[in-house]
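Trainee: Can you read through this structure? Questions will come right after.
The values are calculated or read from the model by the stated rules, or taken from the named source; none is laboratory data. Keep in mind that what you see is a predicted model, and the values were worked out from it rather than measured. Note that each Cβ is placed from the backbone with ideal geometry, even for glycine, and that neighbours are counted across all protein chains shown.
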Amino acid sequence: MRETIVAKVVQEIENLAGKKIPDPDYNIFSLGFLDSLNAIHIIIFMEKEFDIHVNPFDLSIDVLNSVNKIVDFIESKINQ
Amino acid sequence: MIEKILNISIDNTPFLKYRNDVMTRRDFVSEVERIYSSLRKQYQCSETVYIAEENPLHFYPILFALWLSDMKVVFPTKFTILKKSIPLYASQIATLQNNNLINFAANTHYSPLLFDGDTVVFSSGSTGIPKGIVHDKNSFFLNAKSTTNFLKAPRGESLTFLKPYLVSALSHTLVHWLNRSTLHFADYEKISEIFCSSLPKRLNLVGSPIHIISSIKFMEAHGLAPYYFLSSGDMIADGIVDRILQKFSQTVFYKVYGLAEVAGRLFINTITKSEHISDIGMHLPDAEVSFFNEEVVVEAPYLFYGYIRGQKYKKISSPFYTGDKVLQTGSRTILVGRKNDEVKVAGNKVSLKFLENRIVTTLKQLDDIEAGFVLAIAHPYFGNILALVLAGKTYDKKSLVKLLKKELATHEIPHLFYTISPDQIPYTQSMKIDRSALCNMIERGELKELI
C-alpha cells in the first residue's frame, strides 16, 4: 500500500519539478527544485488522487517538504 | 531620506536573519557602507544595476548601497531567478555575489530611460511580459513609514517565506527596520529548526495564504498567539481568517491590499474578530483614494510614475486607475477582483484568456489539440485554482506539465487537467464558449480528468 502511494507521490513531484528526486527525505522545497506555490499542486493532487480532504489546520510547514512526509500525511488521513 | 532612515536605530539588536546567519542593525549599516565605498570608487551613477541575488542578507545591503549611490536599480523577478526566457533580459549581465567581489555592469537597456535614483520593480507578468514599474527610490521609504505609523504593531520577531526581491518583502523589511523588529527570512524548512535555540514569545507571520495556512499547526502546537500580516493574499478565503481568529483569540490579522505601483501597501484591514473579514479596510492616511465606477483610484506621495515594457518607457500621470474593482454596500467596501479577466490564484494575478492563449500555443507541439480552455475554479483555501480543459484526444498529463513548465511560472501551471470531446463543448447563444457551463461540467464530474 505504502509503495503504491510513494510511487504516485514521486511521479507527481517529479512531473512538477521536471527532475528526479534524489531520495524520499530530500527537501523538495530546497532551492532550484520546487517553489512554495507548488504546495498547492501537491495539496490538490493529494485530495484528488487519494480522495482525502486536506484541512488547512492539518498542515504545518514541514508536512509537505519531502516524499516520506507527504506519504505519512496521506496514510494518516486514509487511516482516519 | 535614506541616510536619515539608516541612522535611526544603529545598535546590536538583530534586524535580518536567514538560515543560520544573523545581521544586527549595526552589521547592516556597516555592510551598506562597505558596499557604498566600493561603488563610489568604481562606478558612475548613470549606470543601471540589476541585482541578481536571493539571499536577503546580501540583497538588502546591496540595495541600500545602490540607493545611497543614487544609482538606477532593477529588481530581479521570479522569471529571471527561475531562468525563464524573457528577451527583455537577454543582455543583462550584472551579477552580485557575496564573496567580496561584487561585480556590476551597466545595463544599456534601461540606463537611457531612467533618472538617477530610479528603481524598477516588475509586475508578476500575468499578461505575459512583466511590466517594469518605475519609482523614485524614496517611494519605498515613504510607503513603509506610512504603513508603520498606521499599523502601530508592537516590536517583535517575524517570519516570512517571501523572496527578498518581491515588493511585499521589501516593504516588510523596511517596516521592520523602522519598527526596530526582527525579520526572519526562511526557505521551506521546518519552523522548529529555524527556532531551534529559542522560540520567540510572539511570532508574527508575514506572507501569502499558503504560508499562513501551512504555519497554523506549528503556531498552535507551541501555544503562540501570532500576529498575522498577510502581504499578498488579499483574496484569502474568509473561512480561513475566521478559523484562525477563533483559535487564537489574541491574534490581530492584518489583511493587506498592496500594489507595486504604490511601492507597498494601500489598504489595511485590521481584523480582531470574525466581522467584516472581506472588507478592503482603511487606506493609508496620506493616500487619496476614490472609487470611480467601482474601480480603486489612487493618488499618493509614493505613487510610481512610469512603466517600462520592453525598451519603451511610458509616463503615467496621477491619479492612478488600479484596475481593481470594489463592491460598496452601506459602510462596507469589499474587493471583488479585477476589471479585466484576471483572477487571483493564491495571491498571484493570472489573466485567464492570455494564459489560455499561451498554453494552447505551447501545446500545439502535441498532436491533435483542437482547443484548450483555462478556467478558474473557486477553492476554499486558495481563492482560485486553475483547470485546463483540452479538446481532442486523451493526453498524458506528465507530458503536458513538462511542456508547460518550460514556458509558464509556477502559479500559472494548471492544477487540474480534463479532456472534453469536441461535440461536448458548450456554447452560449452568441456562439462563444460557455465557460460557466464548462465549470459546471467539471463540478458534476462530466469531464474526464487526467491523473
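Trainee: Kindly check whether there is at least one residue in the range B:374-386 that is more than 30 Å from B:Ser278 (Cβ to Cβ), at pLDDT 85 or above and touching a strand residue (DSSP E or B) at 6+ places or on another chain (Cβ under 7 Å). Walk me through it before giving the result.
Mentor: If we filter the range B:374-386 for residues that are more than 30 Å from B:Ser278 (Cβ to Cβ), which is where we start, we get none.
Looking for residues that are more than 30 Å from B:Ser278 (Cβ to Cβ), at pLDDT 85 or above and touching a strand residue (DSSP E or B) at 6+ places or on another chain (Cβ under 7 Å), one finds none in the range B:374-386, hence no.
Trainee: Of the conditions (1) more than 8 Å from chain B (Cβ to nearest Cβ); (2) among the hydrophobic types (A, V, I, L, M, F, W, C); (3) within 20 Å of B:Thr410 (Cβ to Cβ), A:Ile74 clears all except one; give me its number.
Mentor: Among (1) more than 8 Å from chain B (Cβ to nearest Cβ); (2) among the hydrophobic types (A, V, I, L, M, F, W, C); (3) within 20 Å of B:Thr410 (Cβ to Cβ), the lone unmet condition for A:Ile74 is (3).
Trainee: Please list, ordered by first then second residue, the pairs with beta carbon atoms under 9 Å, 6 or more apart or interchain, first in the range B:206-222 and more than 8 Å from chain A (Cβ to nearest Cβ), second among the basic types (Lys, Arg).
Mentor: B:Met219/B:Lys247
Trainee: Give the residue that is farthest from the other protein chains (Cβ to nearest Cβ), with candidates limited to residues of the range A:20-47 that are of a type outside the set (A, V, I, L, M, F, W, C) and in a helix (DSSP H, G or I). Lay out the reasoning, then the answer.
Mentor: Filtering the range A:20-47 down to residues of a type outside the set (A, V, I, L, M, F, W, C) leaves A:20, A:22-27, A:30, A:32, A:35-36, A:38, A:41, A:47.
Then drop every residue that is not in a helix (DSSP H, G or I), which leaves A:38, A:41, A:47.
Working: A:Asn38: 6, A:His41: 6, A:Glu47: 10 Å.
The selected residue is A:Glu47.
Trainee: Here's a follow-up. Spot the failing condition for A:Phe50; the list is (1) surrounded by fewer than 20 Cβ atoms within 10 Å (Cβ to Cβ); (2) at the interface with another protein chain (Cβ under 10 Å from one of its Cβ atoms), and only one is missed.
Mentor: It is condition (2) that A:Phe50 fails.
Trainee: Determine the pairs where a residue that is assigned to a strand (DSSP E or B), located within the range B:136-157, has a partner that is hydrophobic (A, V, I, L, M, F, W, C) with Cβ atoms under 7 Å apart, the partner being 6 or more residues away or on another chain.
Mentor: If the second residue must be hydrophobic (A, V, I, L, M, F, W, C), the pairs left are B:Glu157/B:Leu203.
Trainee: In the range B:406-417, which residues are facing another protein chain (nearest Cβ under 10 Å) and either surrounded by fewer than 17 Cβ atoms within 10 Å (Cβ to Cβ) or outside any helix (DSSP H, G or I) (or both)? Talk me through it step by step, then tell me what you get.
Mentor: Taking the range B:406-417 first, the residues facing another protein chain (nearest Cβ under 10 Å) are B:406, B:409-416.
Scanning the range B:406-417 gives B:Lys406, B:Ala409, B:Ile413, B:Pro414, B:His415, B:Leu416.
Trainee: Further, regarding this structure: Looking at the range B:351-382 only, could you name the residues that are crowded, with 21+ Cβ neighbours inside 10 Å and within 12 Å of chain A (Cβ to nearest Cβ)?
Mentor: B:Phe382
Trainee: Would you confirm whether or not the range A:55-65 contains a residue that is more than 7 Å from chain B (Cβ to nearest Cβ), closer than 21 Å to B:Asn384 by Cβ and surrounded by fewer than 21 Cβ atoms within 10 Å (Cβ to Cβ)?
Mentor: Yes, that holds for at least one residue.
Trainee: Listed residues B:Ile442, B:Ile385, B:Ile451, B:Ile433; which is touching a residue at least 24 places away in the same chain (Cβ under 8 Å) and more than 14 Å from chain A (Cβ to nearest Cβ)? Reasoning before the result, please.
Mentor: Working: B:Ile442 fails: more than 14 Å from chain A (Cβ to nearest Cβ); B:Ile385 fails: more than 14 Å from chain A (Cβ to nearest Cβ); B:Ile451 fails: more than 14 Å from chain A (Cβ to nearest Cβ).
Going through B:Ile442, B:Ile385, B:Ile451, B:Ile433 in turn, the sole match is B:Ile433.
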